[in-house]
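First up is the structure itself, then whatever we jot down about it.
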Amino acid sequence: MDLTHQRKLKERGIKIAYAQIEEEGFITYYQGQPVMMLQEGLPEIRENEVVAHELGHYDHDNDAVVYGNYKDSDRARTVMEGQANDAMLKQTLSEYLNYNDLTPKEINPVQFLQSYGLSMGLEDNVNGLLRM
Ligand SMILES: [Zn+2]
């Protein structure tokens with residue numbers, strides 16, 4: 001896991017635990033302590049994406065009261081997954097811009113997604129972020 005993620009987790013007081021789980025990762029609470037569970041043996045690049053995505057949930061899911069309970073509502077789940085993905089993409093995009101010395105206007109969303117092995121279904125999200 002990269003150092004930026006480790007620092008963010010530490011700042012938020014989130015502990016990390018690796019386990020043989022079906023999901024790639026999620027945040028749970030153990031006796032009031034937030035714990036990020038991560039699947040054992042994920043490739044590092046994927047682990048970083050999962051951590052960024054779950055951090056996105058942690059930072060944004062409070063907004064979900066507006067949309068109802070995550071488990072009970074497809075609408076809430078969709079909004080929350082979208083926010084978590086946007087948070088993950090935002091961070092990945094800024095790394096990509098810095099690393100390749102590009103401005104947002106110079107980015108090709110498809111090339112960006114391909115170079116990180118991300119789903120092409122996220123192209124609209126990338127375009128949305130580039131317009132911000
Ligand atoms: Zn999610």
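Could you check which residue among M36, M80, M120 shows the biggest mean-square fluctuation in a GNM of the chain with a 10 Å Cα cutoff?
For the chain, modelled as a Gaussian network with Cα springs under 10 Å, the answer is M120.
Using only Cα atoms, find the angle between the long axis of helix 74-100 and the longest principal axis of the chain, and express it within 0 to 90 degrees, rounded to the nearest 10.
50
Within a Cβ distance under 12 Å of L118, other residues only, what is the Lys/Arg minus Asp/Glu net charge?
-1
Under a 5 Å amide H to amide H cut-off, with H placed in plane at 1.01 Å, what residues pair with Y18 once short-range neighbours are removed?
Here the answer is L38, since their amide H atoms fall under 5 Å of that of Y18.
Under a 10 Å cutoff between Cα atoms, tell me which one of E40, E24, E11 has the largest fluctuation in the Gaussian network model of the chain.
Greatest mean-square fluctuation among the candidates belongs to E11.
Please report, in whole Å, how far the alpha carbons of the chain spread along each principal axis, starting with the longest.
That works out to 47, 32, 27 Å along the principal axes.
Please list Y96, Y18 from largest to smallest accessible area, probe radius 1.4 Å, with all protein chains kept in place.
The ordering from most to least exposed comes out as Y18, Y96.
Let me have the relative contact order for segment 3-131, percent, based on Cα pairs under 8 Å that are six or more residues apart.
Averaging sequence separation for qualifying contacts and normalising by length gives 16 percent for segment 3-131.
Quick check on the chain: helices-only [θ] at 222 nm, where DSSP H runs of length 4 and up contribute -39,500 (n - 2.57) each and the sum goes over total residues. Nearest 500, please.
One gets -17000 deg cm²/dmol as the mean residue ellipticity at 222 nm.
The values are calculated or read from the model by the stated rules, or taken from the named source; none is laboratory data. Remember, predicted model here, so these are calculated numbers, not experimental data. Virtual Cβ from ideal backbone geometry, glycine too; neighbours counted across all protein chains shown. Surface accessibility is based on the protein's heavy atoms, side chains included, excluding ligands, DNA and RNA. Shrake-Rupley method; radii C 1.70, N 1.55, O 1.52, S 1.80 Å.
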